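Visitor: What follows is a single structure, and I will ask about it in a moment.
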Amino acid sequence: MASHSPYEWKNPTVAWIDRRLPIFSMARADLVDYPTPKNLNYWWNFGSLAGIVLVIMIATGIFLAMQYTPHASLAFESVERIMRDVNYGWLMRYLHMNGASMFFIVVYIHIFRGLYYGSYKAPREILWIIGVFILLAMMATGFMGYVLPWGQMSFWGATVITNLFSAFPLVGSDIVTWLWGGFSVDNPTLNRFFALHYLLPFILFGLVFVHLWALHTVKSNNPLGIDVKGPQDTLPFTPYYTAKDMFGLGVFLIFYLFFVFFQPNFFGEPDNFIKANPLVTPAHIVPEWYFLPFYAILRAITFDLFWGLVPAKLLGVLAMFAAVLILALLPWLDRSPVRSARFRPIFKWVFWLFLANCLLLGYVGARPPEGINVYLGQAATAVYFLFFLVVLPLLSFIERPRPLPTSISTAVTPAGVGVSARGVAE
Amino acid sequence: MADSVTTSPHAVNAGETRRDFLLIATGTVAAIGAGLAAWPFIDSMNPAADTLALASTGVDLAPVAVGQRLTVVWRGKPVFINHRTAEEIKSAETVTMAELVDPQPDSARVQKPEWLIVVGICTHLGCIPLGQKTGEPRGEFGGWFCPCHGSQYDTSGRIRKGPAPTNLLVPPYTFTEEKQSRSVEGATHGLALTL
Amino acid sequence: MFGTFDRASAQRGWQVYEEVCHACHGLRFVAFRNLHALGFSTEQVEAIASRFEVQAGPNDEGEMFMTPAKAASHIPSPFANDQAARVANNGALPPDLSLITQARVGAADYVYAILTHYRDPAPEGFNLNSGMFYNEYFPGHQIGMPPPLSDDRVTYLDGTKATVSQMAHDVTTFLTWAAEPNMEQRKQLGITVLLFLIVLTGFLYALKRQIWSDVEH
């Protein structure tokens, strides 16, 4: 993106524009010629997929915003009008609702792929950190979007999450009042959430652009985690990876639209079909599924620290934010010079255990905080942070990585040497 | 790969043809899909079912005396109903076509001569002309006067002077015997006027 | 999954709603014009609408007045507001039924079960508050709604025998439709879209294979 290849365009109009504004050369350099490692597997599809989902979300969102009314007494009604009276309004809304879940599925897979293949290591630290910002922006957008239909879960989700900020000492309650624009979640809150929910996706879009800029500067990682040695290791992005991404998109759309058309409320909650009622809290408040692991970490902290100086409530909030932000430190917590888990026998196991632990956190987050769930949540929270703060730093000293192949091309050619059987299988 | 270099030129050609065919076929199917997918987005901006259902209006004309004018709302727009006097009817009918900017006989603009029904929106730039209330200026021709740019309409709602290009629009309407309200999903009825 | 609504059952269900449920429960997101989708004709819809009154106005005297509903009107709720509903119902609030099948865990089955699983008297040892009724499926088993259905509570126009389970079934069918009137359109379009995508993805896979056929990877 930063640089463009000097290219002689045959079409005179294209050449004329390109000399003044090199958009065609840029597009060619980044979408066609971009040298991509030839051994990327299907886990590498999820980055471009996430970008496409963002576009779908923005498109459906804009058309929904044309019909939606961000007012406490009309929001629920306007959503029902979208569902019943607006032409294809139900389709727009189901695409948007389920699109949010799809976005998180795709991005979580994208993150775990980066984790497994060490895509956060030098020289891709900034690329990774921008990714963490993207995740944060997505979470804020998703949370505020869930409030807009103004159902019971919308209202009480907003109440619970905004109340988190009351945990901060001294200014906590002032912050919450400021967030609400009043003394409870009400019309001013809904109005600003709508404004921000409309704004954030465009910031997200900007972050994605910077993410791609960084990517095209340092180039793509690959399943072997070794550097590209020369042209024999790469393929031009088009047609090879455009074709592969398009096929992946087809498969993804089948998965996504199956939910839209046949199980549109699978990821939803029955309580959100009841209009917000500030006087009645639903029996069991749960956030959207993609927040569940973080919700579990929030609830896991039931004890004060430093003789009550840091109360449990504050600690829980800090732990929850830390759980996301700690990802940004990953490049410096994992000191192993080897990127791909394929050549890291211990890390490979630790990775799967960490993934299982995240799923366990998600399960606990969905359960009522009673009995065994409390202890499970605390144990899983401990494991989550131990993974980052203890296991990864120690592993770089303990672990003896397997020998790396000399290059991608030798590894993927049958006659190649110095490669494990697994490397060839991809 | 090394092998493909040694294959015969014929086979390479066949491969390229197959690829071209696949590319065109896939591109065509994808383009059709993208085109069809655009429709729900476009159609969502068309009037919704509830908007269409409210597109018909029933009006009871019984209380409107001769010489009175009534404004009703139809599809969010004002509709002027004028219970014309004999004098107004006469002046509307006796105009020669040569005098008119947008020539149209009065008989083509009314179903019953005593009732003139027009959309009360100036055909120039969409302002609402004056003349519905007593005391408001009605212009030189006794119809309506648009305060925005001075268009003047006669007692048949025809443009006589000023920048407006065409006569006031006549909405679809029917006279009915008894009060009724027909507004069926998807239907776009006009006004139902009850005498 | 590829289901359609049973029109005859839903029409009977509307009759049960109108004659029984509507005394206490609103259906505010449904307009009379929507009933066309159940197979009612224009005339039938107008006849149904004219049996209800909605507020209109203000008139020339500045007063609101009641007028027969039109096809475009939404079904008027039986109570002006929640407080009025509570006062009339011994403190309990009869929920609006527009979205009831989606707003409850168990969906339509839950609604059917509530309607058909009253028990009188309450089981031995159950402490039932006065004015409450025992229902096996209601959370906590104490429900403020008296058993709404009894055999022949309505007289079906099509001659179907109005047993409790028949009426419960019919009204549940109707309410499932009312919660999502576009369900049939959604599923029909879904089949077309998925079939199209499967074909397109097949093409994309063939193209991908063709393009990658000359690469060792």
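The values are calculated or read from the model by the stated rules, or taken from the named source; none is laboratory data. On a predicted model such as this, the values are computed, not experimentally measured, just so you know. As a convention, Cβ positions derive from the backbone with ideal geometry for all residues, glycine included, and neighbour counts pool all protein chains shown.
Visitor: Mind counting the residues in segment A:392-426 that are in a helix (DSSP H, G or I), more than 29 Å from the chain's Cα centre (by Cα), within 12 Å of chain C (Cβ to nearest Cβ) and modelled with pLDDT under 85?
Guide: Counting residues in segment A:392-426 that are in a helix (DSSP H, G or I), more than 29 Å from the chain's Cα centre (by Cα), within 12 Å of chain C (Cβ to nearest Cβ) and modelled with pLDDT under 85 gives 2.
Visitor: Determine which member of the set A:Val147, A:Val79, A:Val106 is touching a Ser or Thr at 6+ places or on another chain (Cβ under 6 Å) and crowded, with 20+ Cβ neighbours inside 10 Å.
Guide: A:Val147
Visitor: Can you name the residue in segment C:183-217 that is over 22 Å from A:Phe255 (Cβ atoms) and within 7 Å of chain A (Cβ to nearest Cβ) and, of all such residues, is surrounded by the most Cβ atoms within 10 Å (Cβ to Cβ)?
Guide: So, considering only residues that are over 22 Å from A:Phe255 (Cβ atoms) and within 7 Å of chain A (Cβ to nearest Cβ), the one surrounded by the most Cβ atoms within 10 Å (Cβ to Cβ) is C:Ile211.
Visitor: Could you list, in sequence order, all residues of segment C:63-108 that are surrounded by fewer than 20 Cβ atoms within 10 Å (Cβ to Cβ) and among the aliphatic types (A, V, I, L, M)?
Guide: C:Met64, C:Met66, C:Ala80, C:Ala84, C:Val87, C:Ala88, C:Ala92, C:Leu93, C:Val105, C:Ala107, C:Ala108
Let's see how each residue does on (1) in contact with a strand residue (DSSP E or B) (Cβ under 7 Å, 6 or more places away or on another chain); (2) farther than 30 Å from C:Asn182 by Cα; (3) in the same structural domain as B:Ala164 (by the TED database):
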position: B:Asp60; (1), (2), (3): yes, yes, yes
position: B:Val66; (1), (2), (3): yes, yes, yes
position: B:Arg69; (1), (2), (3): yes, yes, yes
position: B:Gly76; (1), (2), (3): no, no, yes
position: B:Ile81; (1), (2), (3): yes, yes, yes
position: B:Lys90; (1), (2), (3): no, yes, yes
position: B:Thr94; (1), (2), (3): no, yes, yes
position: B:Ala98; (1), (2), (3): no, yes, yes
position: B:Cys122; (1), (2), (3): no, yes, yes
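Per-residue answers, yes or no, for (1) touching a strand residue (DSSP E or B) at 6+ places or on another chain (Cβ under 7 Å); (2) within 11 Å of chain B (Cβ to nearest Cβ); (3) under 25 Å from A:Trp44 (Cα atoms):
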| position | (1), (2), (3) |
| --- | --- |
| A:Tyr68 | no, no, no |
| A:Ser73 | no, no, no |
| A:Val79 | no, no, no |
| A:Asn87 | no, yes, no |
| A:Met92 | no, yes, no |
| A:Phe103 | no, no, yes |
| A:Leu115 | no, no, yes |
| A:Ser119 | no, no, yes |
| A:Glu125 | no, no, yes |
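Visitor: Still on this structure, I have one more. Is there a residue being closer than 24 Å to A:Pro282 by Cα, surrounded by 18 or more Cβ atoms within 10 Å (Cβ to Cβ), more than 14 Å from every other protein chain (Cβ to nearest Cβ) and touching a Phe, Trp or Tyr at 6+ places or on another chain (Cβ under 7 Å) anywhere in segment C:109-119?
Guide: The answer is yes; a qualifying residue exists.
Visitor: Which ones in segment A:297-350 are among the small types (Gly, Ala, Ser) and touching a Ser or Thr at 6+ places or on another chain (Cβ under 6 Å)? Explain how you work it out, then say what you get.
Guide: First, the residues of segment A:297-350 that are among the small types (Gly, Ala, Ser): A:300, A:308, A:312, A:316, A:319, A:322-323, A:328, A:336, A:340-341.
Result: A:Ala300, A:Ala312, A:Ser336.
Visitor: While we're on this one: Determine whether A:Phe266 is in a helix (DSSP H, G or I), aromatic (Phe, Trp, Tyr) and either within 14 Å of another protein chain (Cβ to nearest Cβ) or under 30 Å from C:Leu93 (Cβ atoms) (or both).
Guide: Considered against the rule, which asks whether it is in a helix (DSSP H, G or I), aromatic (Phe, Trp, Tyr) and either within 14 Å of another protein chain (Cβ to nearest Cβ) or under 30 Å from C:Leu93 (Cβ atoms) (or both), A:Phe266 comes out as no.
Visitor: Being over 22 Å from B:Gly58 (Cα atoms), without any contact (Cβ under 8 Å) to a residue 60 or more places away in the chain and touching a Phe, Trp or Tyr at 6+ places or on another chain (Cβ under 7 Å) is the filter here; which residues of segment B:87-137 pass it?
Guide: B:Pro129, B:Leu130, B:Pro137
Rundown of residues vs (1) surrounded by 12 or more Cβ atoms within 10 Å (Cβ to Cβ); (2) more than 24 Å from the chain's Cα centre (by Cα); (3) closer than 18 Å to B:Asn167 by Cβ, yes/no style:
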{"site": "B:Val79", "(1), (2), (3)": "yes, no, yes"}
{"site": "B:Ser91", "(1), (2), (3)": "yes, yes, yes"}
{"site": "B:Gln111", "(1), (2), (3)": "yes, no, yes"}
{"site": "B:Cys122", "(1), (2), (3)": "yes, no, yes"}
{"site": "B:Gly135", "(1), (2), (3)": "no, yes, no"}
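Visitor: Have a look at A:Phe252, A:Phe247, A:Phe258 and point out the one that is at the interface with chain C (Cβ under 10 Å from one of its Cβ atoms) and in contact with a Gly (Cβ under 9 Å, 6 or more places away or on another chain).
Guide: On inspection, the qualifying residue turns out to be A:Phe258.
Visitor: Do you know which residues across segment B:46-64 are within 13 Å of chain C (Cβ to nearest Cβ), in a loop (DSSP other than H, G, I, E, B) and hydrophobic (A, V, I, L, M, F, W, C)?
Guide: Residues satisfying the conditions are B:Ala48, B:Leu54, B:Ala55, B:Val64.
Visitor: Just to confirm my filter: which helices (runs of 4 or more DSSP H) fall fully inside segment A:1-112 and include at least 1 residues that are under 23 Å from the mean Cα position of the chain (by Cα) and in the same structural domain as A:Leu136 (by TED's automatic domain parsing)?
Guide: Numbers: elements: A:12-20, A:23-27, A:46-65, A:75-84.
Helices (runs of 4 or more DSSP H) meeting the threshold: A:46-65.
Visitor: Does C:Ala168 meet the test of being crowded, with 17+ Cβ neighbours inside 10 Å, within 19 Å of the chain's Cα centre (by Cα) and within 14 Å of chain A (Cβ to nearest Cβ)?
Guide: Answer is no for this residue.
So that you can scan it fast, the table gives a plain yes or no per residue for (1) in contact (Cβ under 8 Å) with a residue 12 or more places away in the chain; (2) not aliphatic (A, V, I, L, M):
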position: C:Gln11; (1), (2): yes, yes
position: C:Val20; (1), (2): yes, no
position: C:Ala47; (1), (2): no, no
position: C:Ser50; (1), (2): yes, yes
position: C:Glu53; (1), (2): yes, yes
position: C:Glu61; (1), (2): no, yes
position: C:Lys70; (1), (2): yes, yes
position: C:Pro76; (1), (2): yes, yes
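Visitor: Within segment A:235-270, which residues are in contact (Cβ under 8 Å) with a residue 24 or more places away in the chain and within 21 Å of A:Leu31 (Cβ to Cβ)?
Guide: A:Leu235, A:Pro236, A:Phe237, A:Thr238, A:Tyr240, A:Tyr241, A:Thr242, A:Lys244, A:Asp245, A:Gly248, A:Leu249, A:Phe252
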